[in-house]
Structure formats: C-alpha cells, structure tokens
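One structure is given here, and the rest of the page talks about it.
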Amino acid sequence: MATTEVSPMDQNPTPPKQPSFQQHYPPDFPRKVFAETIATYLLVFVTCGSAAICSVDEHKISRLGASVAGGLIVTVMIYAVGHVSGAHMNPAVTLAFAAVRHFPWKQVPFYGAAQLTGAISASFTLRVLLHPIKHAGTTSPSGSDLQALIMEIVVTFSMMFITSAVATDTKAIGELAGIAVGSAVCITSILAG
C-alpha cells in the first residue's frame, strides 16, 4: 500500500484574508451614494420634465429639445459627480459594471437603492410641479409592439456598449467619457423618442 506524503503547507493552510468592512465600504461611501441619488434625481427630473412639457406644448420644448436635454444632463452629471460615484445613474449600468468586475458587488444594492430613491423623488417632484399633465414624461411607441421591442434592444445595447467602452477601457480617453455617453443618450433619444 502506497503512502501519500502531505506537505506541511497542506496540513495547516492559512485561509485567505477576507476583505475588511473598510475595503467594501470606504469612509467616503455615503458621499458616493448621495452623489448617485442626486445625479439620478436630476437625470429623471430633466428628461421626464422636458418630455412632459414637450407633450403639452412643443413651443416651450420641442421633441429635439427634449432629446438634447437628456443628453446634456447626462453629460453634466458625469462631469459633476463622475469623480465621486462614477455617475452610473441607472441600475442597469451599475449591474453591468459589477458583472465585468469594474464595480464591487457588495455596493450594488446601495447604488440601486440610491438610484431608485433619486428617480422616485424626481417623479414625485414633477407630479407636483406639472400636476395638470397626466402622462408626465411617458412615451408611447409609434409602431407595433415588436418594433418598439427591437428599437429598445438596439438603443439599450448601443448605450451600454458606449458606456462600457469609454468607462472601462484603459485605452479610452476618460476625460471625454461624459461627452461620449451624453452624445449617445442624445442620439438614441432623437432616434427612438
């Protein structure tokens, strides 16, 4: 019967160190969550507010103006809070960054909660400010359900591709990320409404 030798390393392996609480949630983490809440609030306030006003009176804000407003607020928020929170402003973006390991999974629920809080707060603000408008900032497809679904898939893919490319690629020029992502929002909004 053969005996197997066991090395001293195998007899008493040292377990890997678990990341500390401070590594998962650094001291500036509440600031990041707050910045994400504010950025998402302003994104929803501007995009839905301009779309709602456009739906009532195109002389105040045209469809093109509403699309440009959406792209501009994304650009502005990326430059305003991107250095603080990353300016995800969307749970899908946060999940995508976590999936490709550019964002810690343990922080995803907090960012998601911040984004939902910002979006819901902006919606309530718009409801109060634009009370007579019944469909504040909603859109309805101009074609069939299938056409709307295909358009959403193409537009969402385009925006996520551009966002991921400029935000995670080390060869991309990071200072231009705001312009690239804001322009993508503007272009897809003009195209898809």
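Any read-out appearing in this document is the output of simple, stated calculations on the displayed coordinates, not a laboratory observation. These figures come from a predicted structure and were not determined experimentally. Every residue, glycine as well, gets a Cβ built from its backbone with ideal geometry; the counts of neighbours run over all protein chains shown.
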What list do you get for 191, 126, 146 if you sort them by fewest beta carbons within 10 Å?
146, 191, 126
Ranked from fewest to most other Cβ atoms within 10 Å of their own Cβ, 171, 106 fall in the order 171, 106
As a Kirkwood estimate from alpha-carbon pairs, region 29-192 has a hydrodynamic radius in angstrom of 16.4
I'd like the FRET efficiency for residue 116 and residue 179, computed as 1/(1 + (r/R0)^6) with the beta carbon distance as r and R0 of 25 Å, rounded to 0.05.
0.35
Using 7 Å Cα-to-Cβ label points, what is the residue 34/residue 80 separation (nm, one decimal)?
1.5
